[in-house]
Structures are given as structure tokens and as C-alpha cells.
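None of the figures in this text is laboratory data; all of them are computed from the coordinates on show. The structure presented is a predicted model; accordingly, all values stated were derived computationally and were not measured. When we count neighbours, we look across all protein chains shown, and the Cβ atoms used for this are built from the backbone with ideal geometry, even at glycine.
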Amino acid sequence: MQIVSISNGSIKKRNDSYMGQITITYEDGSKIRRSVTEKTLRKCQRALGALKRSIINGVEYIPPSVIANQRRRARMVGITTPENTIHGYVDYLTNTWLKEKRLEGCTNNTLYSHEQRINSHITDFFRDKAIEDIKPKDIVQVYSYLIGQGLKPITVKKFSHILTNSFKFLIRDGYIKNSPAEYVKTPKVIYSEKRALDDTEIKRLLAHAINYNNDPQTQNHNMYMFIKLTLASGMRKGEMCALMWNYVDFRNNTITVKYSLEEIDGVCNLKPPKTNKTRVIAINTDVMEELKEHRKRYAFGRFVFPSNNDKNEPMPLSSCFRAFKRIRNRAKLKDISIHQLRHTHASKLANSGVPVHVVRERLGHASLSTTMNYYVHSNSEQDKQAADIFNDL
């Protein structure tokens, strides 16, 4: 039976020994507990980590002390034994860390990104490197190495998450005492303020989207409505591609965001939205009327934005990216991304005085601080209005 999750585990002192225990949850809801007992806290941490890895990897659990004794006896008679795979850092990342992240609930898309980063630059740098031999200077060098490969600081920060998180797990399981990444700063990331489209740019982008839809050479006829609805709703691109007619309410002029689309190696799958929370968004009447026309003329299957090949399948994200790139280039807006349509929606709401908690609900943010940090920006007119409050001082 498939394992759904494994608890982090706990260790308790009992008389003159330590007992470590984890809980395993299976897909039918059943749970079992597995435990290990060792004389010292350090040994118990190692044993609990070894137990968890054996369960994740589907192999027999062998206590670390037994493995050490087997190696000791082998060395005494002159037999060379291979190193335990846990000692190889890259092997640990690919064979244990990724599997545990899956059990933590990471999405397929996130796991795929982690795997790609491990298989590329992390493997190149840490090939044949043992965990216990990695020092802070190695972490400094790997950041320099990644920058030297042409990666931006924001991308290097994503690699640093893998390093810091995996070393935290290794400390938890008793294989190292300190993380070599703990005192190493990642390259500073300077976040540029997201730019919202102004009214002129919105009109130009939509005009070129209409021309693109009407072009006889065009196969993807989704893009005008896709851009218009994104601007009107603030939905994420994955949520837009996953939208089905079942969740469009023409009577009440609302859309229910229930799924998001992910695409990995050309395979598309539906998943819950980013915060795992369904939300309902009100849409203005004009856009809803255009949605009705879009359904009659083109999207007459299950999905609001269907695939070119099958109206009952969603438009892949890769197709959406390619079509949007052509449209923005024709509109001479090469610096605009699909995500900036969502940002434009949020900025217009904020600049119109819509309460920030309403903006948050429409965007589906997990916390109010995310909305404040990334979407609520003052403009010169609002700043002037703020200054005018103090005219009577």
C-alpha cells in the first residue's frame, strides 16, 4: 500500500537509553508506528534517520551500529566495502531528500524543479563529495560557481533552498552536527518593482490579441479572451488554463477558482490552486458577455481555454507562453510577462481604493503581507491626495 506521509519523528529518554519513533500514514488512512532504541541521543538520531530512509526507499532497515560493525570486521580481514549511499551528498539528495519532500506534500512541479537543479549544477559541483566533508567554504564556492555559470541571484537563491533544507534534515537525523550553509550568505537579490500596464498599453495589447485571433494562420484562438479575463480577474496563468465552464456562473457573474494547471515535460495535470483554497471571483458583465461569445465560437468543450487539438483538454502552458510572446512582440511590449497582467489587475484595484483584504481574496494570497509587499503600490496622484490632507495645519 502506498505511503502518504511520514512524521518528522520524536525522541524520548527512557531510563538509560533513548527511543525514537515515527508515524507512517498510508493511502487508506491507516497508521503504524516504527521505533528505534539507542544508548545515546546522537546514535538515536542517526538510527531514526536511517529508519526513515529505509521506509522512503523501500529497503530493509539495518541499524547504523550493525553497518559499522560489518565494516569493521570487513576491514580486519582486508575486505573493502562500498560506502553507504548516505555519505554521498548527491546520492542523498536524489534518493532520500526528494522522496521526503514528496511526502511533505510538495507539488509535482516543485519536485521537478528541485530535481532539475540537482541533476544540473549541484551534481556538477558536488559529484563524489561526501556529506561529512562539505565545509562552509564549499558553499561559498558553489554560489560563486553558480554565478559563474550565468545564473541570476534570484535563481541561486532557489539552489540555496535545496542546500539549507537538506542540511537541516541531515542535522535532524544525526548525520552532521552543524550545517555548512548556516553562516554563508546567498548572493543579494535586488527585487525590481513590478510594472503595471497603463491604459494605453492595455488597449494596444488587446488590439493585437484580436488581430492575432483573427489571423488565418493562427491555431490558438484563446489569447484575446485569456488576456482580457486575466486583466479582469487577476487569476494566475495556471488557474486560467485549468478553468472549466462548470465553474463559470453566468447568472451571478462569478468564476470559481478550483484548479490550477501544471505542465511537466509536456504532460499537463490539474492540481489545487497555489494556496489549496477554492475562491470565488466576481467578474464584470461586459467580460462575461464576451465569455459567452468565446464559448459559442471556439471553446465549446469542457475548458474555457481549450487545446487546439481537443476542446475537452486544456490549453498547455507552453502554448499559452508562445502565443502571448508573439502578441506582446507585435504590440511592442517585449518586457511584459503574463504575470504582469495579474499585477496590473491588483494595481488598478489598489489605486481605485479597493480595500486590501478584498484584493487579497481576489488574488488568492495566503497572507495579507504578500499582497502588501508585491501588489499595493502608491502612485503620484495618491501621494498628492495624502499630502493635501495636511493643508490646514
Quote the relative contact order of segment 199-374 in percent (integer), defining contacts as alpha-carbon pairs under 8 Å separated by 6+ residues. 26 percent
Binning at 10 Å from 0, report for segment 284-368 what percent of all alpha-carbon pair distances ends up in each bin. 15, 29, 41, 15, 0
Starting from the 7 Å offset along Cα-to-Cβ, what nm value, one decimal, do you get for the label separation of LYS152 and THR218? 2.8 nm
Choose one of SER367, ALA282, ALA331: the residue whose Cα lies farthest towards the positive end of the charge dipole of the chain (beta-carbon charges +1 Lys, Arg; -1 Asp, Glu; about the Cα centre). SER367
Cross-link pairs LYS52/LYS185; LYS43/LYS99; LYS177/LYS274; LYS277/LYS348; LYS194/LYS228 - those with Cα-Cα distance over 26 Å: LYS52/LYS185; LYS177/LYS274
How high is the relative contact order of the chain? Use alpha-carbon pairs under 8 Å, at least six apart in sequence, and give a whole percent. 11 percent
By per-residue mean of other Cβ atoms within 10 Å, what is the highest-first order of 98-104, 230-236, 295-301? 230-236, 98-104, 295-301
Need the list of lysines near LYS129 for cross-linking: C-alpha distance under 16 angstrom, and skip anything on the same chain fewer than eight residues off. LYS137
Relative packing of 262-272, 356-366, which averages over residues the other C-beta atoms within 10 Å, highest first: 356-366, 262-272
Show me the three semi-axes of the equivalent ellipsoid for the chain, from the C-alpha gyration tensor (sqrt of 5 times each eigenvalue), largest first, rounded to whole Å. 49, 25, 22
Can you give the charge dipole size of the chain about its Cα centre, rounded to the nearest 20 debye, using +1 on the beta carbon of Lys and Arg and -1 on the beta carbon of Asp and Glu? 1060 debye
DSSP H helices in the chain with Cα extent of 27 Å or more along the helix axis and mean Kyte-Doolittle hydropathy at least -0.5? 153-172
Dmax and Rg, reported as Rg then Dmax, of segment 87-172 (C-alpha, Å): 12.4, 34
Rounded to a whole number of µm²/s, how large is the Stokes-Einstein D of segment 107-152 at 37 °C and 0.692 mPa s, given Rh as the Kirkwood radius over C-alpha pairs? 281 µm²/s
